[in-house]
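Undergrad: Submitted below is the structure of interest, expressed as structure tokens.
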Amino acid sequence: MILLTIDSPSPRAGQTVTVSVDPAGCSIDEQWAGELIVRTSGGDTTTGSRLEIGAASVSVDLPPDLTGPALLMLEPDQDCEQAGAPGDCHYPYVEVQIGP
């Protein structure tokens with residue numbers, strides 16, 4: 001199972017953070033390659049940053065207008081269930097509290 005980690009425990013809106021694949025040493029394959037989004041109670045916001053095949057981390061610019069609790073989530077190009085993952089698969093994410 002792939003998880004994500006972030007280099008800043010309390011990022012601020014508009015800050016650039018590094019998102020890494022966990023466990024360390026793993027890299028993205030074709031099943032998980034895709035864009036990172038910020039999911040809040042108000043909906044999803046694209047970041048323009050992608051974890052590509054073979055990558056273990058990527059820099060992400062957090063949207064300048066989003067604050068509060070959020071999930072920094074990988075949205076794979078392929079649906080994880082269709083790619084052969086178990087039926088209870090989830091998109092890898094990391095919980096963050098984005099400050100103003």
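The values are calculated or read from the model by the stated rules, or taken from the named source; none is laboratory data. Quantities reported herein were computed from a predicted structural model and do not represent experimental measurements. Counting neighbours? That spans all protein chains shown, and the Cβs are built from the backbone with ideal geometry, glycine included. For the accessible areas, the whole protein counts, side chains as well, though only heavy atoms, and no ligand, DNA or RNA atoms are used. Shrake-Rupley method; radii C 1.70, N 1.55, O 1.52, S 1.80 Å.
Undergrad: Which whole-number value in Å² is the accessible area per residue of the chain, probe 1.4 Å?
TA: That works out to 54 Å² per residue.
Undergrad: What is the dipole size for the chain, taken about its Cα centre, with +1 at each Lys and Arg Cβ and -1 at each Asp and Glu Cβ, in debye to the nearest 20?
TA: It comes to approximately 380 debye.
Undergrad: Another question, then. Compute the distance in nm between two label points, each set 7 Å from the Cα along the Cα-to-Cβ direction, one at SER59 and one at SER8.
TA: Going by the 7 Å Cα→Cβ label model, 1.2 nm.
Undergrad: May I ask you to give the percent of accessible area on the chain that is carbon plus sulfur, with a probe radius of 1.4 Å?
TA: Within the chain, the accessible surface is 48 percent carbon and sulfur.
Undergrad: Evaluated at 10 °C with a viscosity of 1.306 mPa s, what Stokes-Einstein diffusion coefficient in µm²/s does the chain have when Rh comes from the Kirkwood expression over alpha-carbon pairs?
TA: For these conditions, the coefficient is 117 µm²/s.
Undergrad: Label-point separation (nm) for SER41 and CYS26, each offset 7 Å from Cα along Cα-to-Cβ?
TA: Calculated label separation equals 3.0 nm.
Undergrad: Shifting gears a bit: Can you give the FRET efficiency to the nearest 0.05 for GLN15 and GLU52, using r as the Cβ-Cβ distance and R₀ = 22 Å?
TA: That pair, GLN15 with GLU52, gives E of 0.50.
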